[in-house]
Each structure stands twice: as C-alpha cells, then as structure tokens.
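Visitor: Here it is: the structure, laid out below.
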Amino acid sequence: MGTSSDHRWKFFRAGGFDQVRLDTPDDLRALRKLDQKLWAALACPTRNLELDQRMLAYIDGNSDGRIRAPEILDAVDWTLARLADPHSLFREASLTIADFPNTAEGLQLAVAARRLLKVLGRDESQSLTAADTDDLAALFPPAEANGDGLVPATLTIDADLQAAIADIISCLGAEQDRSGEPAVSEAGINSFFEQAQQVHEWQQRAEQQGVHSLGPDDEQAIAAISALRDKIDDYFTRVEMAAFDPRAASIMNADEAELTRLSAMNLADAGQVAELPLASLQYGENLPLDQGINPAWRSAMEALREHVVKPVLGDVQAISRSQWRELTARSSDYFAWQAAKPQVGILDSLSVERIVELVEQGVQARLLGLVALDLEVAEAAGGLVDLDKLLRLQKNLITLLHNFISFQNFYCGKEKAIFQAGRLYIDGRSCDLVVEVGDVDAHSAVAANSESFLLYCACTRRGQPVRERETLNIVAAITAGTESELAVGRNGLFYDRDGNDWDATVVKVVQNAISVREAFWTPYRRVSKLVSDQIQKLAASRDDALVNNAAAKVGNSAAAPAEASVASKSFDIAKFAGIFAAIGLAVGALGAAIAAIFSGLMSLQWWQWPLVVAGVLLAISGPSMLMAWFKLRRRNLGPILDANGWAVNTQARINIAFGTALTQLAHLPPGSAKAMRDPYASKKPLWPWLLLLVVIVGVVWGALEFGWFSTPEVVEATPPVEVVEPAE
C-alpha cells in the first residue's frame with residue numbers, strides 16, 4: 001500500500017522513528033492511503049488498555065479480543081460518514097441533533113437521539129455525550145424488547161418461561177442482554193432442547209418397553225438385590241431339591257455335625273455362619289423375609305424388604321420363587337435402561353423429571369417466540385446502538401489513533417498512553433512506564449528483549465475490589481536512578497489511572513542497565529562486595545576453626561600425658577623462621593611496588609596527576625560505562641507491548657533523556673529548609689583525615705625538594721678556550 005501523493009502528510013520524529021501526525025479530518029480521510037509500514041502498531045488487544053471498553057468492543061468486529069489495522073480503518077470511515085462536522089473529533093465537544101448529516105445514517109441517528117433525549121428528560125436542542133449512554137438499563141429497559149435477539153427473564157411475565165430461562169442459564173451460562181441482564185439466545189435455546197429431547201426420548205423408551213422403577217430409591221434397591229441374588233437363588237434351589245426327593249430335606253438344611261462344630265467357635269465372626277443356608281427349608285416354597293433368617297444375612301434381608309419388596313409387592317412376610325424372578329427381571333431391565341441414559345451436560349444441573357416437563361410443556365417454541373418478538377424492534381434499537389457507538393468514537397477515536405498509528409501520547413508527554421496502567425512508587429522514585437500484564441513468566445520471556453530494567457509486581461487491594469478484581473500484575477520499567485535495593489520481595493505502592501492505591505510487591509526482576517552513572521560505580525560496588533564477602537568468609541572460617549580447636553583441646557586435655565603438654569609448648573624455631581621470611585618477602589615486594597609507583601608519579605609534572613587519576617578511573621569504569629551506553633541506546637518499548645499481545649511495527653526507542661522523564665527521582669521541594677546535622681549519624685574518627693593531610697603535605701614537600709614545581713634551567717654551552725703556546 002503506497003503513500004498518497006495528493007495528500008501532504010506531516011511527520012514528527014520521536015523514539016528513533018518518524019511518526020505521522022493526525023491533526024485534521026483530511027488526515028483521517030486519507031488514512032487508507034498511508035503506507036502501513038509507517039504505522040507504529042498493526043494490532044493490539046482490547047484488554048489492559050485504559051480506554052472505553054465498549055468502544056473497543058464496537059471496533060472489534062469479529063469479537064476475538066484484538067483490534068487490527070483494517071478494523072481501525074473501518075471505524076474511521078464509519079465515524080466520518082456519520083458526522084456533519086468531523087472537526088468535532090479533535091475537540092472535546094458534545095453532539096447535538098444538528099451534528100448529524102442529512103443522509104440515511106444521519107437521519108436514523110437523529111431519530112435515536114430524539115428518543116434518548118426524551119428518556120433523559122431533555123430538550124431536542126440540548127447535547128449528548130458518551131456518559132449519557134453508560135447506563136444501558138436506561139437506554140434499553142430490561143422489560144422491553146431491544147432487538148439484540150437475547151431474551152432475559154424480565155422480558156416476560158410468564159412464571160414458567162422465567163423459570164425455564166433460569167434453568168437454561170444454570171446449565172449453559174448466561175449471555176448479557178443490551179439492558180445488562182443475563183439472557184439466553186436462540187442458539188442457546190436450541191442447544192439446550194437438543195439435549196432435553198434426548199433425555200425425553202430416553203424416558204419415553206422406558207415406558208414403551210415396560211421398564212419400571214424398583215422404587216423411590218433405585219440405587220439402594222439394586223444394591224440389595226445384588227447382595228442377596230446368589231443366596232436367594234441357592235435357597236429356592238434347595239427347596240426344589242427337597243420337593244424332588246423328600247430325603248434331601250434334612251440334607252439341604254444344615255446338618256447336626258456342622259452345627260456342633262460351629263457351637264464350639266466364636267460366632268461373633270459371621271464368616272462361618274454365612275456359609276449356612278439363607279433360611280430353613282421348613283417354610284416350604286416361600287422365602288420368609290423376617291422369621292427364621294440366617295443371622296449373618298438379616299441386615300441384607302431387611303434392606304431387600306424395605307427397598308425392593310415393599311415398593312413393588314407391598315408389606316408381605318414372604319415371597320415365592322415367581323415373585324423373586326419378577327423382581328430380578330425388573331432389575332435386569334432397569335440396568336439395561338440406565339446404561340442407555342444419554343450423556344448430556346444439562347443432567348448435571350437438572351433432574352430428569354424437570355427436563356421432561358420442559359419438553360412436554362412446549363417451552364422451546366414459546367422461548368423462540370420471545371426471540372422473534374425481540375428481533376422485531378432490531379432496526380429501531382439499532383439506531384440507539386449506533387448512537388452509543390458514535391458518541392464513544394467521537395470522544396475516544398483520536399486517542400486510540402494517537403496510540404496505534406503513532407505513539408504521540410507516549411512520546412509527547414501531555415497525556416498518558418493507553419497502555420500505561422498508572423504510576424508505581426518504590427525505592428524513592430516513581431515509574432510512569434507501567435503496563436498491566438497477565439502471566440508474569442510468559443511476559444518476561446519476551447519483554448527481556450527490551451534491554452530495560454524491569455520490575456514485575458503483584459498488586460493487591462484486599463476487601464476493596466476495583467472492576468471486580470482484588471489482584472493484578474504489573475511490569476514497571478526503571479529508566480533512571482540506581483539499582484540499589486530493587487530485589488524480589490521489595491514493597492511499593494501502585495496508583496492506577498483512576499487514583500486507586502494497590503499494595504505492590506516485587507515478584508521478579510529483569511536486570512539491565514539503568515543509567516551511565518550507575519554503570520560508573522558498578523565495578524567498585526562489585527569489588528567492594530567481593531572483598532566484603534571474602535572477609536566475611538575468612539572471619540567465619542577462622543571462627544569455626546577457633547571453636548573446633550578449643551573443643552578438641554578440651555576433649556583431649558584429660559587424656560593427654562604431661563610430656564605431650566610440655567612438648568606442645570616447645571618453640572619450633574625453624575617453623576617460625578620460615579614464616580618470618582615469607583612475611584618479609586611479601587612486605588618487601590609490596591614496598592618495592594609502592595616505591596615504583598611513587599617514583600613514577602614523582603617523575604610527572606603536577607598537571608599530569610589529574611590525567612593519571614582520570615585514566616585509572618576510565619580504565620576501571622570505562623568498559624562498564626561503554627556497555628551501559630550501548631544497551632541504553634537499544635532500550636525498546638516494542639517487546640514490552642508485544643509480550644502483551646501488541647504488534648508493534650517499529651523500533652520505539654527509549655533513549656537516556658526520555659528515560660529520565662519516565663522515572664522521577666526524589667528531590668526536595670524548592671525553597672525547603674534543611675538541617676545538615678544528623679543527631680543520630682555515626683561519629684567518624686578524625687585520624688584518617690589527619691593521616692591524609694600528612695600524606696598530602698609529605699607529597700608536596702617531596703615535590704618541592706625534588707624540584708617538581710621548578711622550571712628546569714637552560715645551561716648555555718661555553719665555547720672551549722683555545723690555549724696558545726708561546727713560540728720558541
């Protein structure tokens with residue numbers, strides 16, 4: 001897409017790239033012809049932006065949570081076509097009926113504006129703003145159709161339909177009606193009743209095939225039958241054997257020898273008793289349910305009688321074999337029917353009886369009738385929707401363009417960018433480049449490429465939710481000052497764009513250069529930390545050795561002979577001579593090095609000394625400062641936004657000067673009175689200063705003695721005297 005040749009664009013340079021200025025309606029009209037390679041961004045998310053969320057939802061045509069360049073262009077064209085004076089986009093002005101053009105779209109908006117003014121109790125000559133449509137319930141009363149095709153419970157006075165809508169919402173979740181009420185859509189209604197129809201057909205199949213329930217508590221009934229099925233079948237088989245041969249009657253019952261054996265055992269253990277028949281065969285063909293039951297099976301028989309026999313046969317005392325077969329046949333059919341039960345989600349929230357009731361009452365057709373009734377006013381209600389959309393675009397469209405096509409708001413500093421979530425106060429500084437993030441680890445993996453020092457903080461606001469949230473995560477770029485104590489666990493205070501305060505705790509740090517000044521002192525801090533750590537380690541090791549030696553001596557003192565004690569006190573002259581020789585060599589080498597350095601310095605002129613000191617400092621701090629300078633030049637806003645779902649289209653640099661403006665350090669107010677004396681300051685000894693003074697005086701005296709400050713004398717060469725010998 002090439003740049004328009006018939007429109008004169010204006011650009012400004014900031015952040016290391018050229019950014020287009022959008023100052024007039026002509027700029028907006030020609031926006032489609034501007035090469036998108038010159039846009040600052042090509043896409044952004046609708047979340048985590050400090051902008052009207054309803055306007056962003058209008059622009060997001062496919063409702064995927066992202067706004068892309070084509071959707072921006074469509075929103076610009078749509079807005080320009082519905083404003084008689086597009087200059088109102090660039091000034092804070094409200095809209096009146098006279099601001100709508102004399103077109104079909106403009107006339108529809110004028111009708112909607114008159115309706116809204118009437119609802120608000122205003123005259124037609126008065127104006128409207130986006131704040132007038134914030135309350136959707138005033139714009140679209142919940143009890144009236146609003147043309148969005150969604151049906152809230154308040155749209156009907158039928159109690160059955162209201163209960164049905166509540167049931168559908170409990171199963172499938174709610175959709176938000178234009179009035180702000182929870183509602184159901186045509187697709188949701190059809191999806192619910194597709195599942196409900198499966199349940200209804202399954203229930204009907206049970207009645208058609210003669211599958212009857214075993215009672216009010218099917219699960220306990222099936223459990224009771226399962227526990228006694230084999231034992232009851234065994235009883236009736238023994239009865240048939242006794243009928244086949246009378247001699248088998250005494251054999252089928254427990255014989256006397258078995259009873260004698262059991263009498264000598266502990267019958268509290270029912271395992272042995274359970275092996276006996278369920279009941280005595282003296283009762284004939286019927287199985288008693290109460291009297292003469294094997295004690296090991298009495299509780300199971302009571303459950304069978306309560307949950308199976310009574311609901312089907314009544315309160316009988318015994319059952320025949322045919323009755324038992326009927327009960328078991330019922331359980332088999334019931335098991336097969338239950339296996340065919342449809343696996344649908346609505347059964348997790350509603351009972352089978354309630355679902356069947358909804359189907360048989362014809363609730364689906366009645367709800368779809370409400371949807372059709374709502375859609376009848378879609379055209380009239382659409383005018384109000386378009387009016388709400390226009391009011392919000394008229395107020396915020398230019399702000400979006402100044403944070404999408406260019407980053408004018410961010411770099412010019414007059415207004416905060418839409419991605420800046422607020423201000424973080426921590427460690428004596430305030431940070432303005434603060435972005436709300438979702439997943440800290442995922443964001444930091446991309447944002448680390450920004451070459452910025454990043455602090456990730458978890459913010460909490462307990463008991464005082466903002467936008468229905470009590471927690472959020474932010475990332476702050478530290479672009480000035482020093483690293484000092486910025487570490488995980490450090491606490492600060494975060495103020496969002498609405499002025500709400502949040503407790504902020506550092507949870508992750510991405511370390512990078514902050515400033516060249518910080519880089520100058522970095523080598524010295526590292527050396528100081530290294531020396532301090534080594535001294536602490538040495539002191540700790542010496543302390544441990546001292547304690548261990550003392551413990552060893554105390555433990556061995558009683559057992560050691562007196563001769564060993566005397567021998568330990570003897571002086572090893574050879575050992576100490578070696579130690580003294582090593583110390584002497586070290587002191588000599590150190591002295592020679594100091595003498596060489598001192599003699600070298602003394603050979604220099606006085607004006608060369610500052611150059612030497614500067615050279616030493618440059619040799620130590622120069623590499624660190626140079627690396628920091630290169631990194632600071634590469635600081636980039638893009639990865640911080642890309643990690644949040646943006647598609648930044650350029651290298652949006654954050655140079656040293658701009659970074660200083662984004663992070664403010666603590667300074668005393670002008671004209672403040674300051675007491676220089678700290679009553680609790682540690683008292684420093686005077687002798688180091690006296691020693692330094694003596695050294696300086698000695699150096700000056702030595703310089704004078706050696707003629708360091710004197711100008712070398714120029715000695716003129718004396719011509720040789722020619723001696724003339726007398727003539728002989």
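Derivation of every value follows stated rules applied to the coordinates shown; laboratory data play no part. Computed from a predicted model, the values in this text were never measured in an experiment. Positions of Cβ are generated from backbone atoms using ideal geometry, with glycine treated the same way; all protein chains shown enter the neighbour counts.
Visitor: Using θ = phi - 60° and the Karplus curve 6.51 cos²θ - 1.76 cosθ + 1.60, what whole-Hz ³J(HN,Hα) does each residue of the stretch 353-368 get, with Gly and Pro shown as x?
Guide: Result, rounded to whole Hz: 4, 5, 5, 4, 4, 5, 5, 6, 7, x, 5, 4, 5, 5, 5, 5.
Visitor: With 22 Å as the limit, write out which pairs from LYS231/LYS310; LYS10/LYS37; LYS33/LYS389; LYS389/LYS416; LYS416/LYS508; LYS37/LYS389 have Cα-Cα distances beyond it, or answer none.
Guide: LYS33/LYS389; LYS389/LYS416; LYS416/LYS508; LYS37/LYS389
Visitor: Net charge near GLU144, counting Lys/Arg +1 and Asp/Glu -1 over other residues with Cβ under 13 Å of its Cβ?
Guide: -3
Visitor: Compute the FRET efficiency between GLU194 and SER322 as 1/(1 + (r/R0)^6), taking r as their Cβ-Cβ distance and R0 = 25 Å, and round to the nearest 0.05.
Guide: So the FRET efficiency works out to roughly 0.05.
Visitor: Here's something else I'd like to know. Would you mind checking the stretch 183-204 for residues with the amide N under 18 Å from a putative spin-label position 7 Å along Cα→C-beta of LYS341?
Guide: So the set is 195-204.
Visitor: Additional query: How charged is the neighbourhood of ARG321? Take every other residue with its Cβ under 9 Å from the Cβ of ARG321, and add Lys/Arg as +1 and Asp/Glu as -1.
Guide: Local charge sum for ARG321: -1.
Visitor: Could you work out how much longer the chain between HIS7 and ALA657 gets when fully extended? Use 0.36 nm per residue separation minus the Cα distance between them, nm to one decimal.
Guide: Between HIS7 and ALA657, full extension yields an extra 230.6 nm.
Visitor: Apply the Karplus curve 6.51 cos²θ - 1.76 cosθ + 1.60, θ = phi - 60°, to the phi angles in the stretch 13-27 and return the couplings in whole Hz, x for Gly and Pro.
Guide: Taking θ as phi minus 60°, the curve returns 10, 7, x, x, 8, 7, 10, 7, 9, 10, 10, 9, x, 4, 4 Hz for the stretch 13-27.
Visitor: Using bins 5 angstrom wide from zero, how does P(r) for the stretch 412-506 break down, in % of all Cα pairs?
Guide: Whole-percent P(r) values from 0 Å outward: 3, 13, 26, 26, 20, 10, 3, 0.
Visitor: Right, here's the next one. How are the alpha carbon pair distances in the stretch 115-185 distributed across 10 Å bins from zero to the largest one, expressed in percent?
Guide: The percentages, shortest bin first, are 20, 41, 23, 13, 3.
Visitor: How high is the FRET efficiency from ARG677 to ASP498, r the C-beta distance, R0 45 Å, rounded to 0.05?
Guide: Numbers: r = 43 Å, r/R0 = 0.96.
Calculated transfer efficiency: 0.55.
Visitor: Here's a follow-up. Stretch LEU691-LEU313 to full length: gain in nm at 0.36 nm per residue minus the Cα-Cα span?
Guide: Full extension from LEU691 to LEU313 adds 124.6 nm.
Visitor: Same structure, new question: Please work out the Cα center distance from the stretch 349-387 to the stretch 100-130, rounded to the nearest Å.
Guide: 30 Å
Visitor: Still on this structure, please answer the following. Could you work out how far apart the two model spin labels at THR96 and GLU201 are, taking each label as a point 7 Å from the Cα in the direction of the beta carbon, and quote it in nm?
Guide: Result: 6.4 nm between the two label points.
Visitor: Compute the distance in nm between two label points, each set 7 Å from the Cα along the Cα-to-Cβ direction, one at LYS414 and one at ALA380.
Guide: 4.4 nm
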